[in-house]
1. Check S158 against each of (1) over 28 Å from S248 (Cα atoms); (2) within 16 Å of the chain's Cα centre (by Cα); (3) open to solvent by 20 Å² or more (accessible area, probe 1.4 Å) and name the one condition it does not meet.
2. Give the residues of region 102-116 that are of a type outside the set (S, T, N, Q) and outside any loop (DSSP other than H, G, I, E, B), sorted by residue number.
3. Would you please list the contacts, defined by Cβ atoms under 7 Å and residues six or more apart or on different chains, that run from a residue in region 318-329 that is of a type in the set (D, E) to a residue that is open to solvent by less than 40 Å² (accessible area, probe 1.4 Å)?
4. On the given criteria, is A98 assigned to a helix (DSSP H, G or I), open to solvent by 10 Å² or more (accessible area, probe 1.4 Å), over 23 Å from G397 (Cα atoms) and free of Cβ contacts under 8 Å to residues at least 24 places away in the same chain?
5. Every residue in region 241-292 that is of a type in the set (A, V, I, L, M) and assigned to a loop (DSSP other than H, G, I, E, B), please.
6. Can you work out which of the residues in region 101-115 that are touching a residue at least 40 places away in the same chain (Cβ under 8 Å) and open to solvent by 80 Å² or more (accessible area, probe 1.4 Å) is nearest to D26 (Cα to Cα)?
7. Go through region 161-201 and give me each residue that's open to solvent by 10 Å² or more (accessible area, probe 1.4 Å) and assigned to a helix (DSSP H, G or I).
Amino acid sequence: MADAPFPFPSNLAPNEASPGWMNKGDNAWQLTAATLVGMQSVPGLILLYGGGVKKKWAVNSAFMALYAFACVLLCWVCWGYKMSFGTRYVPFWGVPNASLGNGFLLEQTFSGKFPNATMVYFQFVFAAITLILIAGAVLGRMNFYAWMMFVPLWLTFSYTIGAFSIWSPNGFLFKKGLIDYSGGYVIHLSAGVAGYTAAFWVGPRLTKDRERFPPNNILLMLMGAGLLWMGWTGFNGGDPYVVSTDASLAVLNTHICTATSLLVWLMLDLVFFGKSSVIGAVQGMITGLVCITPAAGVVQGWAAIVMGICSGSIPWFTMMVLHKRSVRLQKVDDTMAVLHTHAIAGALGGILSGLFAEPKLNHLFYASYGEYVGLFYGVDMRKIHIGFRQIGVQLLGIVYIVTLNIISTSLICNLIKLFIPLRMSDEDMEIGDEAIHGEEAYAIWGEGEKSEGGR
């Protein structure tokens, strides 16, 4: 290494542990952002699911999330990361290989001034939350042992394909110029479609549970929702892979869109149902977070407000009006409504990204000027063909992810069904946690004795 023209302070001078190519600030933020995203799952979604379901399902729902988090990590470092971001095998998939050796983990990553170890960790928490979001669609009846098989299979044969296609520099949709800033396609559209498909194959809850499924602890659910919201600071703020002005904009846009979406959903509930629903506000919060995700750092603040208005109203309509009128949609028992909160909101965000993506901001994020242009800016620049091309690529990405997840999730569910039932027995579903895990969520008196009363 050539001598520096001036001496570095001792805390900044490169050494064997902090090589010259590594930016300590970027590495520190990337690790922090990854941990914020991890906390969205553990404990965020554990609390959201555990508090948002019927009392007899609190332990099972929380445990499905905890299991998925642990299982994904082991699969990710053994083969998943390289299949998502490694050497190209085919245009939509990488070569499976382990990410465990120091020779790889301590080298500079493919994008960013920090080591591969940081990138493996950062991308792991995104993969984990995707599986946990899928769980939301099948809470209250999926056989836990079937879930144990589903997690590694879906990660391997669905998530890695979507991630490589869209996020890897070698992926075919990445090369086409698809805008997915932080996972509107790879995570949320995938989770929503896969969750709804899995719910179809698993089958419904007991009729009485579908008719009445009250949250057992709304305050606990709100605590999980709060962790989910604030954790999104790392979710979108970490994706530039650098401590930059674009990262700051992504964080601010995330919270602007989310707040707008929550308020719009709340107003619609008040106008049409006469009550301000806490559960509805959480749904509006989630749709706002999901909608802004593919666009967070490539749109201006006013566009974030427009996206929040759309994400608070369009998924509200599909969930509260269209779903209730559609016999076909109601045949599939989607416990946490992930079709609306993630698939529809994610697709909506992808389309709006194609409208509002600002060329200069795309240059800051993609380091490519003029290739990523939203339709509205294409019209303004008198390059309308470029804007229409961007919309076309965004729509192609939606079709690709929807098709991929319907096919892969269906194949995986039917494969598992050859070995073990996807759905619990009616007898176990009558009892819930006690029958499945031998534990209950609220045995809080004496020495842990169970209540003799009903659930």
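The values are calculated or read from the model by the stated rules, or taken from the named source; none is laboratory data. Remember, it's a predicted structure, so these values are computed and weren't measured experimentally. All Cβ positions, even for glycine, are placed from backbone atoms using ideal geometry, and neighbour counts span all protein chains on display. SASA here: full protein model, heavy atoms, side chains in, ligands and nucleic acids out. Shrake-Rupley method; radii C 1.70, N 1.55, O 1.52, S 1.80 Å.
1. Condition not satisfied by S158: (3).
2. Across region 102-116, the qualifying residues are G103, F104, L105, P115.
3. From residues that are of a type in the set (D, E), there are no pairs.
4. Criteria not met by A98.
5. V242, V243
6. Applying the filter and picking the extreme gives K113.
7. I161, W167, F172, F174, K175, K176, V193, Y196, T197, F200, W201 - these are the residues of region 161-201 that are open to solvent by 10 Å² or more (accessible area, probe 1.4 Å) and assigned to a helix (DSSP H, G or I).
Residue-wise test of (1) under 21 Å from D428 (Cβ atoms); (2) under 15 Å from the mean Cα position of the chain (by Cα).
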{"residue": "G140", "(1), (2)": "yes, no"}
{"residue": "W147", "(1), (2)": "yes, no"}
{"residue": "L153", "(1), (2)": "no, no"}
{"residue": "A163", "(1), (2)": "no, yes"}
{"residue": "V186", "(1), (2)": "no, yes"}
{"residue": "G203", "(1), (2)": "yes, no"}
{"residue": "K208", "(1), (2)": "yes, no"}
{"residue": "L220", "(1), (2)": "no, no"}
